[in-house]
Structures are given as C-alpha cells and as structure tokens.
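Remarks on the structure that follows.
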Amino acid sequence: MYITAVRLYCFRSYTELRFEPAKGLNVIVGANAAGKTNILESVFLAALGRSHRTRRDAELINSLSDKAYAGIELVSATGKHSIELKLFSGAPKQVFIDGQRIRRMGELMGVLNAVMFSPEDLSLVKDSPETRRRFMDMELCQLRPAYFYRLQQYNAALKQRTALLKTSFPFEPNTELLDMWDDKLAELGGSVMLLRRDFLDRLSTAARDLNRSITGNSSVGHEPEELFTYYKPSVPFEGDGARAALGDALCKARAEDIRRGCTTKGPHRDDIGILLNGRDVRVFGSQGQQRTAALSLKIAQADYIESIKSEYPILLLDDIMSELDINRRMYLSQKIRDKQVLITSTDTDLIESTDNTKLFKIKNGSVVREEN
C-alpha cells in the first residue's frame, strides 16, 4: 500500500496543495508552524475519518473559507483508489471512496491503513487510560469494521444510560428502561471487550520482541528488557464470558451509578497494563524506558496491520526523531527503510538518508521537491 498524491484545498494552513510522495521515505522539512503536520493530518483523516489533533472538523478549515477538501490517491492490493473528504463549517463532512459518497463511516475503515508516530504517542505509556483506549480503538477500527460499529453503538447506548441516570436524580430511574440499557451495554460492550483482549494478546508478543531488539542493541553488553503488555478490562472475565460478566457488574454497580449519575463499569473504563521486567513501567520506568515501550507498541501496531492485511500501512512520523536518542533513531530508521513513510522534521541531520529518500521543503505554503 502506498499513497501517490495528496490534494488539499483550504485545509488548515493550505489554500491549495498537491503533494506527490515517493514509495519510500519522504522527508518534509520546514520551520515550526510551517504546515508540515497538516499534511500528515490529512492522511490520518482519510484513514480514520477523524483528525488525531482535534474532534472538531471545523478546526481543519482554513480561516479564509467555510469549507475544505482533502483528497488522497493510493494504490493497494485491491488496485487504485481515491478517498475524498469535504468539510463544512456548519454541516457534517462528506466522504467519497472512488467517487462514490459513503453513507456510513465504517465503509471508510481499512481502505487506507496508516499509523501515526508523534511526540504525543511517546507519552502513550505514561498518559491516562483514555489515551491507551484510543490507541486500541484506532487500530481495531481500521482492521475490524464490526468493531467500529459495535463501539459506536456501545457509546450511543452508554450516553443514553448515563442521561437516564442524570435526568432521574434525585429520584430512582425507570427500572424497565435501565434494565433495557444494561442489557444493551452488556451485549455491545461484551463484543468490544473480546476484540480488545484478542488484539492485546496478539500485540503483546510483537511489542515484547521489538522492545528486546531495541534495548538489546542499545549498548554493548546491555541485557534486553522484558516488556509485557496486557488487557486490563474494568470488568474481569474469563473465556467468552465478557457479556455475562459485564451484565453482572452493571447490576451490582447500579446503586452506585444512580448515586453518582454515571456508568462506572464497562469498556469505557478499560486500560492497558504495561510491565517492564515485571514492574509497572509507568511508575518505575525511566523516561527512556517509557519511550522505548511506546515506540515498541506503535511499531507492533504497524506490524500487526501487515499480518492482517498482508501489506504494510503508511507510516506518519511527525517530528519524533528529535524526541529519540541516537540508538532509538537508528533502530527506527532501519525498521522503516523499505516502507512508505511521511516524516516531518526541522532538521534533516536527524534522519538517515538512503537511496529511496526524497526530500521536500515547505516554502511559502507549497511543498517543493529538493534534489538529494
């Protein structure tokens, strides 16, 4: 899978842009606030239907306009495809695949697979559980359209149950309605939990091996560190019993939920456990160890996509080389050598140049190809 063109109109800082990346490493160089990240953001938007920086589509529209456009042309195992997104300041966005408007966002999932690496991603380990849930959701939504729809339906049911609890306070909510929403949450949430567990089980082995490689090669005689990641559901369950366990937990927590006006059990409270040599890396790990663990998880995410889709995703590296020490930069450079990568930087000295490296510079709102 690789992108052949990115077209933007009134998208963020660009009034008009056409960018044609090569199949290999594409280095986009420019000063801070020059618009480097905006290009990567448009690709991420085309892959997942949302920005990695904001939930408000209106923020993606240039201040001089009330609408914006982002178009991606790509080649995958199924042939040539196009993804177009039309954004409006006062209306929902429209998405087109191969010229046909889609009716459900789930139809977009998996057409373009992309993995984003940003300085914020290096905080994946030490940030809040919400950050790690988003990491799981972004991966699974790309690969499992059924997961995307289930998660959407679960969040809608969760919103309804929570609204019922809040609007009834200080009185008891309608028991029949509450039973109905509990059954719906148990059904939908149980499916989400099973898919998350399967994903983490598969990801854990790949992340462990990657972390061993990075830490084992970081210095002469240094012992590789053992990384273990695992699913931490807010409601423990065994085998295929997620639905029953969640239904029982919601029942037991009902009095507390009524008192607090919120739903205290379910996938919206899940987390990922991350251990390094048997200890919680969030508590006991150094900053370098936390970043290595996060990097291992992100690379494992890309490798996992390849194992499912039989083609590597587009890698989007947003100015992260400056956040890594020389050993981690060298490892990452070797790992991405034969992939299509869009990488932004203010300093080309941080990026190892190869025969398939193409350099682009942002000048006056345009992307200009430089001779290597």
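Quick notes
- Straight-line cross-link partners of LYS67 among the aspartates and glutamates, defined as a Cα under 18 Å from its Cα and at least 8 positions apart when in the same chain: GLU16, GLU41, ASP57, GLU59, GLU84.
- Gyration tensor (Cα) of segment 272-372, equivalent ellipsoid semi-axes in angstrom: 29, 18, 12
- Surface composition of the chain: carbon and sulfur make up 47 percent of the accessible area, probe 1.4 Å.
- Stretching THR346 away from THR162 to a fully extended chain increases their span by 61.7 nm, per 0.36 nm per residue minus the current alpha-carbon distance.
- Across segment 115-272, C-alpha contacts under 8 Å between residues 6 or more apart give a mean separation that, scaled by the residue count, equals a relative contact order of 28 percent.
- Segment 1-156 - Debye-derived log10 I(q)/I(0), Cα point model, q = 0.09, 0.13, 0.17, 0.18 Å⁻¹: -0.29, -0.63, -1.12, -1.25
- GNM flexibility winner over the chain from ALA70, ALA163, ALA146 (Cα, springs under 10 Å): ALA163
- Computed from the Cα positions only, the extents of segment 206-360 along the three principal axes stand at 63, 36, 30 Å, in decreasing order.
- As a calculated quantity, the FRET efficiency between ASP179 and ARG282 at R0 = 41 Å, using C-beta atoms, amounts to about 0.60.
- Cross-link table LYS80/LYS339; LYS86/LYS335; LYS159/LYS265, entries beyond 25 Å C-alpha to C-alpha: LYS86/LYS335
- Here segment 149-207 is treated as a Stokes sphere of Kirkwood radius computed over C-alpha pairs; at 25 °C and 0.890 mPa s its diffusion coefficient rounds to 190 µm²/s.
- Largest to smallest principal axis extent of the C-alpha atoms in segment 133-246, angstrom: 66, 30, 24
- Among ASN155, ALA114, MET136 the positive-end extreme of the charge dipole of segment 105-162 (Cβ point charges): ASN155
- With the Kirkwood sum run over all distinct C-alpha pairs, segment 234-308 has a hydrodynamic radius of 15.4 Å.
- Each 5 Å bin, from zero up to the one with the longest distance, holds this percent of the alpha carbon pairs of segment 295-352: 4, 17, 30, 27, 13, 7, 2.
- Per-residue SASA entry for CYS251, accessible area with 1.4 Å probe, Å² rounded to 10: 90 Å²
- Between SER286, SER213, SER123, the Gaussian network model of the chain with springs among Cα atoms under 10 angstrom shows the greatest mean-square fluctuation at SER286.
- The mean sequence separation of alpha-carbon pairs under 8 Å and at least six residues apart, normalised by the residue count of the chain, gives a relative contact order of 24 percent.
- Highest-MSF residue in the chain out of PHE148, PHE171, PHE284 [GNM, Cα springs under 10 Å]: PHE171
- Stokes-Einstein D (µm²/s) once Rh is taken as the Kirkwood radius of the chain over alpha-carbon pairs, at 4 °C in 1.567 mPa s: 58 µm²/s
The values are calculated or read from the model by the stated rules, or taken from the named source; none is laboratory data. Here the structure is a predicted model, which is why all the values come from computation and not from measurement. All Cβ positions, glycine included, derive from the backbone under ideal geometry; neighbour counts span all protein chains shown. To get the accessible areas, we keep the full protein, side chains included, count just its heavy atoms, and leave off ligands, DNA and RNA. Shrake-Rupley method; radii C 1.70, N 1.55, O 1.52, S 1.80 Å.
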